[in-house]
Amino acid sequence: MFSSFFETARNSPFRSPLTAVRCDAAAPLVDPQPVEGRQIAAAAAPVANQQDSCEFGSSKYFALCGIGGILSCGTTHTFVVPLDLVKCRLQVDQAKYKNLVHGFKVTVAEEGARGLAKGWFPTLLGYSAQGLCKFGLYEVFKVKYADIIGEENAYLYRTSLYLAASASAEFFADIALSPFEAAKVKIQTIPGFANNFREAVPKMLKEEGINAFYKGLVPLWMRQIPYTMMKFACFERTVELLYKYVVPKPRADCTKGEQLIVTFAAGYIAGVFCAVVSHPADVVVSKLNQAKGASAISVAKSLGFSGMWNGLTPRIIMIGTLTALQWFIYDGVKVALGIPRPPPPEMPASLKAKQA
């Protein structure tokens with residue numbers, strides 16, 4: 001699928017980041033003009049390209065974006081399960097797992113190397129479902145909200161547009177994620193509870209009923225919605241800033257390798273901010289799913305302010321890497337599937353005329 005990953009669309013006849021593209025082979029294409037800026041960017045405007053497999057803003061477009069979200073989130077979260085496992089154990093038992101390195105040593109000593117993979121299956125299922133909703137619905141809400149506020153406001157307030165669209169998407173994504181996250185945390189943090197997802201589900205239903213899968217939904221929203229808002233908005237603006245102030249030449253003049261380095265760097269920077277913003281809620285989610293009958297408020301009180309920052313270092317490493325890889329994979333899927341990908345935002349001609 002990734003054989004065409006490094007092929008990017010260089011030109012666009014469009015001036016707006018949200019202009020609809022029609023991929024009708026019979027329709028004549030306007031002679032494209034070079035667009036200065038990035039070409040591997042998930043939130044730019046569509047490019048008129050005969051290789052496009054769908055129309056920008058169509059149902060097929062949103063569905064294919066959802067597939068990109070499945071591959072980007074499901075694979076990356078599964079890849080870092082060992083780090084996530086140690087992070088969760090640091091959060092719920094600071095006395096036993098003193099730091100990241102010590103946590104790995106204790107886990108391997110007690111359970112062997114295979115113990116580091118505990119919870120990989122609910123992680124794969126849960127974050128695939130979350131990625132489908134997160135990226136697919138983000139594209140839906142971004143287009144719909146832009147239509148509501150108009151082309152000029154969509155450009156002037158594009159950061160707010162990214163924030164609103166990503167928050168709306170994550171609200172639904174967490175509903176899909178919550179049952180799998182609850183099972184994963186119990187498998188990873190409660191010794192002897194269950195060795196896999198198949199064993200965990202009936203035990204959770206027997207002990208706490210359906211509430212076992214959704215009692216962490218509110219703190220999950222508190223963790224994931226700020227995280228996702230930062231992830232999308234910070235990435236988009238960081239890419240713009242890197243090309244404006246850091247990269248010594250225009251995006252169009254960069255090699256494919258240089259473009260990917262900037263993309264990965266922007267994703268990692270966004271991931272660091274995501275980790276810090278959402279970390280206290282992440283600790284509450286881990287502790288809440290470990291302790292039967294507890295509430296988010298009681299857990300927060302028992303942890304105290306300092307306790308809610310346990311495991312921050314491994315989470316920064318994990319989330320920074322995840323975020324960078326997710327944007328990398330998501331754009332790669334867009335290229336491979338021929339999904340229209342947006343160029344950098346540009347001021348609409350009507351707004352330029354007003355300013356002139």
Whole-Hz Karplus couplings 3J(HN,Hα) for region 173-182, θ = phi - 60° and coefficients 6.51, -1.76, 1.60, Gly and Pro as x, run 4, 6, 5, 6, 7, 3, x, 6, 5, 4
Could you tell me which of the pairs Lys87/Lys184; Lys87/Lys118; Lys231/Lys354; Lys60/Lys249; Lys98/Lys301; Lys231/Lys352 are separated by over 24 angstrom between their Cα atoms in the structure shown? Lys231/Lys354; Lys60/Lys249; Lys231/Lys352
Largest to smallest accessible area among Trp221, Trp309, Trp120 [probe 1.4 Å]: Trp120, Trp309, Trp221
Please list, in order along region 186-198, the HN-Hα scalar couplings obtained from phi with the Karplus expression 6.51 cos²θ - 1.76 cosθ + 1.60 (θ = phi - 60°), rounded to whole Hz, x for Gly and Pro. 5, 4, 7, 10, 10, x, x, 5, 6, 8, 8, 5, 4
Sequence-distant residues sharing a close amide H with Lys98 (under 5 Å, placed H): Gly103
Taking a ≥ b ≥ c as the square roots of the eigenvalues of the Cα gyration tensor, with a/c under 1.5 meaning rounded and otherwise prolate when a/b exceeds b/c and oblate if not, region 163-247 is prolate
At a probe size of 1.4 Å, how large is the accessible area of Cys274, to the nearest 10 Å²? 0
Can you pull the three principal axis extents for the Cα set of region 56-144, in Å, largest first? 52, 22, 16
Per the Kirkwood definition applied to all pairs of different Cα atoms, how many angstroms is the hydrodynamic radius of region 174-301? 16.8
What translational diffusion coefficient, in µm²/s and rounded to a whole number, does the Stokes-Einstein relation yield for region 68-201 at 10 °C and a viscosity of 1.306 mPa s, taking the hydrodynamic radius as the Kirkwood radius over Cα pairs? 96
Whenever you get a sec, compute what percent of the accessible area on region 57-177 sits on carbon and sulfur atoms (1.4 Å probe). 69
Residue-by-residue Karplus 3J(HN,Hα) for region 150-165, coefficients 6.51, -1.76, 1.60, Hz, glycine and proline x: x, 4, 5, 5, 4, 7, 5, 10, 5, 5, 5, 4, 4, 5, 5, 5
If you add up the charges near Thr159, with Lys and Arg at +1 and Asp and Glu at -1, over every other residue whose beta carbon is less than 14 angstrom from its beta carbon, what do you get? +2
Counting only protein heavy atoms with a 1.4 Å probe and every protein chain in place, the carbon and sulfur fraction of the accessible surface of region 219-267 in whole percent equals 72
Run the reach check for Lys244 against aspartates and glutamates, Cα to Cα strictly under 20 Å, same-chain hits fewer than 8 apart removed. What comes back? Glu36, Glu236, Asp253, Glu258, Glu346
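The values are calculated or read from the model by the stated rules, or taken from the named source; none is laboratory data. Keep in mind that what you see is a predicted model, and the values were worked out from it rather than measured. A quick note on method: Cβ atoms are made from the backbone with ideal geometry, for glycine too, and the neighbour counts reach across all protein chains shown. Ligands, DNA and RNA are stripped out before the accessible areas are found, and what is left, the full protein with its side chains, is counted by its heavy atoms. Shrake-Rupley method; radii C 1.70, N 1.55, O 1.52, S 1.80 Å.
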